[in-house]
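Take a look at the structure set out below.
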């Protein structure tokens with residue numbers, strides 16, 4: 001399967017397999033283990049409150065404080081909608097995993113599935129949170145990284161589209 005892969009596709013695929021593999025495994029463990037207990041949630045809230053207090057002592061910018069407050073709100077929303085968010089995240093990660101395997105098998109649909117995976121993974125938190133509560137910086141960074149990977153994967157489109165029989169004759 002790895003014999004005739006373009007080097008760029010192999011490197012990108014391995015990076016994506018590592019990312020989606022870890023995300024899929026942690027998602028599976030999260031689904032099986034269930035939501036955090038009330039005690040664990042309280043500990044998370046306490047740690048975040050202590051962290052925010054420390055940052056306030058150092059005159060952290062209001063933008064950074066707002067980002068932290070939004071991240072704290074996102075964590076609460078994820079805990080409140082644990083099964084939905086974890087299940088959807090697991091499915092999205094599996095889509096990314098399948099997309100790379102399809103591309104390694106020289107299937108153009110893997111590239112299309114990767115685009116869908118990238119967009120869904122970048123915007124999945126909109127399922128549980130109002131767009132006004134999602135930090136723009138988080139979405140922009142996710143979309144920039146996704147766009148970069150889509151662009152780099154697109155550099156292999158000629159290989160993905162080429163006829164399988166002509167490659168085996170070489």
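Every number in this text was worked out from the coordinates using simple rules, so none of it is lab data. What you see is a predicted model; the values in this text were computed from it and never measured. Every residue, glycine among them, receives a Cβ derived from its backbone with ideal geometry; neighbour counts consider all protein chains shown.
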(message) Over all directions, the average projected area of the alpha-carbon convex hull for the chain comes to how many nm²?
(response) 11.6
(request) Stick to the Cα atoms of segment 1-84, pair each with every other, and give me the Kirkwood hydrodynamic radius in Å at one decimal. (result) 16.2
(message) As an exercise, use a Förster radius of 30 Å and the Cβ-Cβ distance of residue 105 and residue 19 to find the FRET efficiency, rounded to the nearest 0.05.
(response) 0.95
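Calculate, in nm to one decimal, what residue 63 and residue 50 gain on full extension: separation in residues at 0.36 nm each, minus their alpha carbon distance. It would help to have the intermediate numbers written out before the result.
Numbers: separation 13, 0.36 × 13 = 4.68 nm, distance 1.81 nm.
Result: 2.9 nm gained on full extension.
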(request) Would you mind computing, in nm to one decimal, how far apart the modelled labels at residue 4 and residue 162 are, each placed 7 Å from Cα along Cα→Cβ? (result) 0.8
(request) Just need the relative contact order of segment 58-124 here, percent rounded to a whole number, with Cα pairs under 8 Å and 6+ apart. (result) 25
(message) Quick check for you: which residues of segment 10-33 have the amide N under 13 Å from the point 7 Å beyond the Cα of residue 127 toward its beta carbon?
(response) 27-28, 31
(request) Using only Cα atoms, find the angle between the long axis of helix 38-57 and the longest principal axis of the chain, and express it within 0 to 90 degrees, rounded to the nearest 10. (result) 80
(message) Give me the one-decimal nm value for the distance between modelled label points at residue 31 and residue 119, 7 Å along each residue's Cα-to-Cβ direction.
(response) 2.3
(request) On a 0 to 90° scale, report how tilted helix 7-33 is relative to the longest principal axis of the chain, with both axes built from alpha carbons and the result rounded to the nearest 10. (result) 40
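For residue 76 and residue 98, calculate 0.36 nm times their separation in residues minus their Cα-Cα distance, and state this gained length in nm to one decimal.
The span from residue 76 to residue 98 would gain 4.9 nm if fully extended.
Mind giving me the FRET efficiency for residue 42 and residue 83? R0 is 22 Å, r the Cβ-Cβ distance, nearest 0.05 is fine. Before the final figure, lay out the partial values.
Working: r = 20 Å, r/R0 = 0.91.
It comes to 0.65.
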